1. Which numbered condition trips up residue 107, out of (1) open to solvent by less than 60 Å² (accessible area, probe 1.4 Å); (2) more than 16 Å from the ligand (Cβ to nearest atom); (3) touching a residue at least 40 places away in the same chain (Cβ under 8 Å)?
2. Consider residue 77 against the criteria (1) part of a helix (DSSP H, G or I); (2) within 14 Å of the ligand (Cβ to nearest atom); (3) open to solvent by less than 30 Å² (accessible area, probe 1.4 Å): it satisfies all of them except one. Which criterion is unmet?
3. Please go through segment 185-224 and pick out each residue that is in a loop (DSSP other than H, G, I, E, B), out of contact with any Pro (no Cβ under 8 Å at 6 or more places or on another chain), farther than 30 Å from residue 68 by Cβ and open to solvent by 40 Å² or more (accessible area, probe 1.4 Å).
4. Across segment 9-57, what is the number of residues that are of a type in the set (A, V, I, L, M, F, W, C), within 14 Å of the ligand (Cβ to nearest atom) and more than 19 Å from residue 125 (Cβ to Cβ)?
5. Looking at segment 271-287, which of the residues that are open to solvent by 40 Å² or more (accessible area, probe 1.4 Å) and either at pLDDT 95 or above or under 18 Å from the mean Cα position of the chain (by Cα) (or both) is farthest from residue 66 (Cα to Cα)?
6. Evaluate the following for residue 226: is it at pLDDT 95 or above, more than 19 Å from residue 170 (Cβ to Cβ) and in contact with a Leu (Cβ under 6 Å, 6 or more places away or on another chain)?
7. Within segment 60-69, does at least one residue satisfy the condition of being open to solvent by less than 40 Å² (accessible area, probe 1.4 Å) and closer than 19 Å to residue 21 by Cβ?
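The values are calculated or read from the model by the stated rules, or taken from the named source; none is laboratory data. Keep in mind the model is a prediction, meaning the values are calculated, not measured. Methodologically, a virtual Cβ is constructed for each residue, glycine included, from the backbone with ideal geometry; neighbour enumeration extends over all protein chains shown. To get the accessible areas, we keep the full protein, side chains included, count just its heavy atoms, and leave off ligands, DNA and RNA. Shrake-Rupley method; radii C 1.70, N 1.55, O 1.52, S 1.80 Å.
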Amino acid sequence: MQLIRTAADLAALPRGDRRVVVMTMGALHEGHLALIRRAKDLGDQVVVTIFVNPLQFDEAADYERYPRTLDADLALLEPLGVDAVFAPSDDEMYPHGEPVVTVSAGVIGRVLEGAARPGHFDGVLTVVAKLLHLTAPDVAVFGAKDAQQVIAVKALVRDLNFPVEIATAATVRDDDGLARSSRNVFLSPDERSRALALSRALASADHAARSGASLAATLRAGRDVLDAHDGIDLDYFAALNPADASEANDDYRGEVVLAVAARVGETRLIDNVTTRIGEPGAEGDQR
Ligand code: PAF
């Protein structure tokens with residue numbers, strides 16, 4: 001496994017037949033490893049990027065405290081058969097300081113996660129665009145856990161004609177349902193147990209949807225679970241149209257992403273499940 005620090009060295013990396021990239025901000029956990037296993041299935045050369053992107057943090061303190069664990073990350077990646085890790089410095093990625101020209105996520109960047117974290121998706125798409133240029137992959141794999149990010153990246157690739165296929169990998173969960181996230185390390189044992197309300201709310205809403213509930217009843221089933229739990233500072237529990245991240249209205253039918261975001265203590269967590277409205281018995285994500 002080659003550790004690459006500069007864009008010039010990355011450009012000199014010989015290509016495999018089908019290069020697959022997995023972009024990360026490090027602090028790798030089982031969720032990232034699942035992305036890498038999926039990448040291994042999709043191509044013959046896997047490049048992982050590790051870069052904590054300052055542009056996508058709306059709070060400086062959040063950026064500062066983001067875990068940086070390069071040695072541990074490399075130790076996790078080596079046995080997976082990753083071919084190269086691109087871990088540039090801030091100066092290598094942004095040699096002229098904050099970029100003058102950036103990518104706008106448009107309306108996708110202004111709703112739900114985007115409303116809670118102004119500028120976040122513009123920052124994500126700007127670095128994703130740069131990393132797509134630098135790594136030049138045939139396929140890029142993103143985690144379904146960041147549902148709105150996946151929608152935004154697909155729109156970037158479609159609208160700006162990036163010659164890359166976007167693949168997704170399912171959310172990895174602990175046995176009790178908590179979605180794996182780099183932020184889980186910030187949860188105290190008590191907060192971690194309170195955080196289970198998020199996946200339970202999604203499971204309840206998913207069950208309601210698969211039993212034929214309307215969108216309003218589906219959302220109510222999830223919100224009832226959240227209301228019954230203390231210590232959850234709910235930001236949203238919403239249904240999104242997977243095509244454009246717009247909020248689904250009451251008469252919505254078809255595939256929908258149920259998404260939740262809440263602060264548990266100081267830590268903001270997100271989770272989602274894809275299900276179908278108006279088609280009783282349809283298979284949703286199981287947990
Ligand atoms: O999902 C992430 O870890 C980040 O948003 C990404 C895609 C690596 C861009 O910094």
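1. With respect to (1) open to solvent by less than 60 Å² (accessible area, probe 1.4 Å); (2) more than 16 Å from the ligand (Cβ to nearest atom); (3) touching a residue at least 40 places away in the same chain (Cβ under 8 Å), residue 107 is out only on (1).
2. All conditions are met except number (2).
3. Applying the first criterion (in a loop (DSSP other than H, G, I, E, B)) to segment 185-224 yields 187-188, 211-214.
Retained after the next criterion (residues that are out of contact with any Pro (no Cβ under 8 Å at 6 or more places or on another chain)): 187-188, 213-214.
Next, from what is left, pick out any that are farther than 30 Å from residue 68 by Cβ: 213-214.
If the condition is that a residue be in a loop (DSSP other than H, G, I, E, B), out of contact with any Pro (no Cβ under 8 Å at 6 or more places or on another chain), farther than 30 Å from residue 68 by Cβ and open to solvent by 40 Å² or more (accessible area, probe 1.4 Å), then 214 is the only one that fits.
4. So the first thing to find is which residues in segment 9-57 are of a type in the set (A, V, I, L, M, F, W, C), and the list is 10-13, 20-23, 25, 27-28, 33-36, 39, 42, 46-48, 50-52, 55, 57.
When the remaining residues are screened for being within 14 Å of the ligand (Cβ to nearest atom), the result is 21-23, 25, 27-28, 33-36, 39, 47-48, 50-52, 55, 57.
After this cut, where a residue has to be more than 19 Å from residue 125 (Cβ to Cβ) as well, the list is 27-28, 33-34, 36, 39, 47-48.
Total satisfying the criteria: 8.
5. The initial filter retains those residues of segment 271-287 that are open to solvent by 40 Å² or more (accessible area, probe 1.4 Å), namely 274, 276, 279-281, 283, 285-287.
Still in the running and either at pLDDT 95 or above or under 18 Å from the mean Cα position of the chain (by Cα) (or both): 274, 276, 285.
Details: 274: 28, 276: 35, 285: 29 Å.
Across segment 271-287, the extreme among qualifying residues is 276.
6. Values: at pLDDT 95 or above: yes; more than 19 Å from residue 170 (Cβ to Cβ): yes; in contact with a Leu (Cβ under 6 Å, 6 or more places away or on another chain): yes.
Spelling it out, residue 226 is indeed at pLDDT 95 or above, more than 19 Å from residue 170 (Cβ to Cβ) and in contact with a Leu (Cβ under 6 Å, 6 or more places away or on another chain).
7. For segment 60-69, residues open to solvent by less than 40 Å² (accessible area, probe 1.4 Å) and closer than 19 Å to residue 21 by Cβ: absent.
Okay, residues lined up against (1) assigned to a helix (DSSP H, G or I); (2) crowded, with 19+ Cβ neighbours inside 10 Å; (3) in contact (Cβ under 8 Å) with a residue 24 or more places away in the chain:
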| position | (1), (2), (3) |
| --- | --- |
| 9 | yes, no, no |
| 13 | no, no, yes |
| 17 | no, no, yes |
| 32 | yes, yes, yes |
| 35 | yes, yes, yes |
| 41 | yes, no, no |
